[in-house]
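The values are calculated or read from the model by the stated rules, or taken from the named source; none is laboratory data. Because the structure is a prediction, the values reported are computed rather than measured. Methodologically, a virtual Cβ is constructed for each residue, glycine included, from the backbone with ideal geometry; neighbour enumeration extends over all protein chains shown. SASA here: full protein model, heavy atoms, side chains in, ligands and nucleic acids out. Shrake-Rupley method; radii C 1.70, N 1.55, O 1.52, S 1.80 Å.
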Amino acid sequence: MSFTLLSSPLQGFTDFRFRNAINKYFGGIDTYYSPYIRLNGKLVIKSSYERDLLPENNIGLEVIPQIITNDADEFIFVAKYVKELGYKELNWNLGCPYPMVTKSGMGSGLISNTEKINHILERVHNETDIIVSMKMRLGYDTSEEILDLLPILDNYPIKNIAIHARIGKQLYKGGVHLDAFQQCIDNTKHKLYYNGDITSVSKFHEMQERFPTIDHWMIGRGLISDPFLPSMIKSDASDYPKNKMELFSDFHDTLYQGYSESLSGSTHILLKMHHLWEYFSVIFSNPHKVHKNIKKSKSIKNYEATVKEVIAKEK
């Protein structure tokens, strides 16, 4: 069965620079979801959100914007904004697990509030012609929360629902709930996408066997940890390319240059790169040591030298 691979958005990681670099050096991703737009009560689009979605910053990519909100007016405002940029679809984030979001009644903290979700969807579908898709978890406290919501979602022409098969309070800890995801398949008329713990080609095959009706697969942290993964899944390859480290080095340098030009001051640049290396280190033969060495680099000069050294050693 043919399948589609999607890049799940991760706040602070999968911006347009990352998307372009992944696409240039690795490929394999069919559709990218942008990190969410959050308005915080003011109907104003921040310049960072605007930059991320400008068509000229996403040439050759299929990108779907995302919003996180619990307010119909915000949703409608953003829907109109992204349509002006040429986007036809807006994805609604009901998946974010972080306490600062969920305590505000957004992300996975909104899933149990079926009345509010129904109200927002009703207004959005009545007052705009944006195509709505959703990304969510199974619930915040329990994996049954989504089962109360699915019959309500069935009343709306939602394009698809991507489900990360965890609950919000897990954050990213513990395993995925595959039986609970199967219950979702059995209890909705909507098209479902699977998200959660696709970290290798063999893991992908495992999930394909477990859910034979699913043909859209979303990769989140697995893409940042291993940018080779989507193209390896697409070509069903078990081995990395022979020029693995050369490709990774070019990818890293492109990202690093982009962030060096856009972030102000070495502290911000180093912080950004250190966060990325929490994931990048996974594809090295000694991830813990690589990450430790990168973290120890406290100046730009030291960071650049350390990166060169760890890549040379791995070659």
At 222 nm, what value in deg cm²/dmol follows for the chain if DSSP H runs of at least 4 each add -39500 (n - 2.57) and the sum is divided by all its residues, to the nearest 500? -14000 deg cm²/dmol
Under 37 °C and 0.692 mPa s, how fast does the stretch 193-309 diffuse according to Stokes-Einstein, given a Kirkwood radius computed over C-alpha pairs? Answer in µm²/s, whole number. 208 µm²/s
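Over the stretch 115-242, calculate the relative contact order: mean separation of alpha carbon pairs under 8 Å at least 6 apart, over the residue count, as a percent.
On the way: 161 pairs, mean separation 25.5, N = 128.
Computed value for the stretch 115-242: 20 percent relative contact order.
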May I ask for the net charge around Leu94, where only other residues with Cβ less than 9 Å from the Cβ of Leu94 are counted and Lys, Arg are +1 while Asp, Glu are -1? +2
Square roots of five times the Cα gyration tensor eigenvalues for the chain, Å: 33, 23, 18
First compute the accessible area of the stretch 1-78 with a 1.4 Å probe, then give the percent of it belonging to carbon and sulfur atoms. 49 percent
Positive end of the charge dipole of the chain (Lys, Arg +1 and Asp, Glu -1 on Cβ, about the Cα centre): tell me which of Phe26, Gly220, Ser299 has its Cα farthest that way. Ser299
Could you tell me how many degrees, from 0 to 90 and to the nearest 10, lie between the Cα long axis of helix 266-280 and the main elongation axis, the longest principal axis, of the Cα atoms of the chain? 80 degrees
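Determine the relative contact order of the chain: mean sequence separation of Cα pairs under 8 Å and six or more apart, normalised by residue count, in whole percent.
Relative contact order here is 16 percent.
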If you project the alpha carbons of the stretch 216-275 onto the principal axes, what extent comes out on each, in Å, largest first? 42, 27, 15
Value in Å of the Kirkwood radius, where the stretch 123-165 supplies the Cα pairs that are averaged: 11.4 Å
Pop out the carbon and sulfur fraction of the accessible area of the stretch 140-218 as a percent, whole number, probe 1.4 Å. 49 percent
How long is the stretch 88-128 along each principal axis, judged by its Cα atoms, biggest number first, in Å? 31, 24, 12
Cross-link reach from Lys313 to lysines, straight Cα distance under 26 Å and at least 8 residues apart if same chain, gives Lys24, Lys242, Lys244, Lys272, Lys289, Lys292, Lys295, Lys296, Lys298, Lys301
For Cα pairs less than 8 Å apart in space and 6+ apart in sequence, what is the mean separation divided by the residue count of the stretch 134-196, i.e. the relative contact order in percent? 42 percent
Options Ala79, Gly107, Leu90, ranked by Cα towards positive dipole end of the stretch 72-138, top entry (Cβ charges): Gly107
Just the number: Rg to Rh for the stretch 161-215, Cα atoms, Kirkwood Rh, two decimals. 0.94
Once both axes come from the Cα atoms, what is the angle between helix 72-84 and the longest principal axis of the chain, in degrees from 0 to 90, rounded to 10? 60 degrees
Connecting every pair of Cα atoms under 10 Å apart in the chain and solving the GNM, the largest mean-square fluctuation among Pro212, Pro97, Pro227 falls on Pro212
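Order these peptides, 8-15, 68-75, 98-105, 230-237, by their mean beta-carbon neighbour count within 10 angstrom, highest first.
Details: 8-15: 18.5, 68-75: 20.1, 98-105: 14.2, 230-237: 16.0.
Packing proxy ranking, top to bottom: 68-75, 8-15, 230-237, 98-105.
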For the stretch 259-315, take the convex hull of the Cα atoms, compute a quarter of its surface area, and give me that in nm², please. 3.7 nm²
Based only on the alpha carbon positions, what is the Kirkwood hydrodynamic radius of the stretch 45-101, in angstrom? 12.4 Å
Collect residues whose amide H, placed 1.01 Å from N in the peptide plane, falls under 5 Å from the amide H of Ile64; neighbours closer than 5 in sequence don't count. Tyr32, Tyr33, Ser34
Reachable aspartates and glutamates from Lys103, criterion Cα separation under 14 angstrom, eight or more residues apart if same chain: Asp141
Where the only charges are on Cβ atoms (+1 Lys, Arg; -1 Asp, Glu), what is the dipole of the stretch 172-314 about its Cα centre, to the nearest 20 debye? 580 debye
Would you mind computing the Rg to Rh ratio of the stretch 108-218 from its alpha-carbon coordinates, Kirkwood style for Rh? 0.97
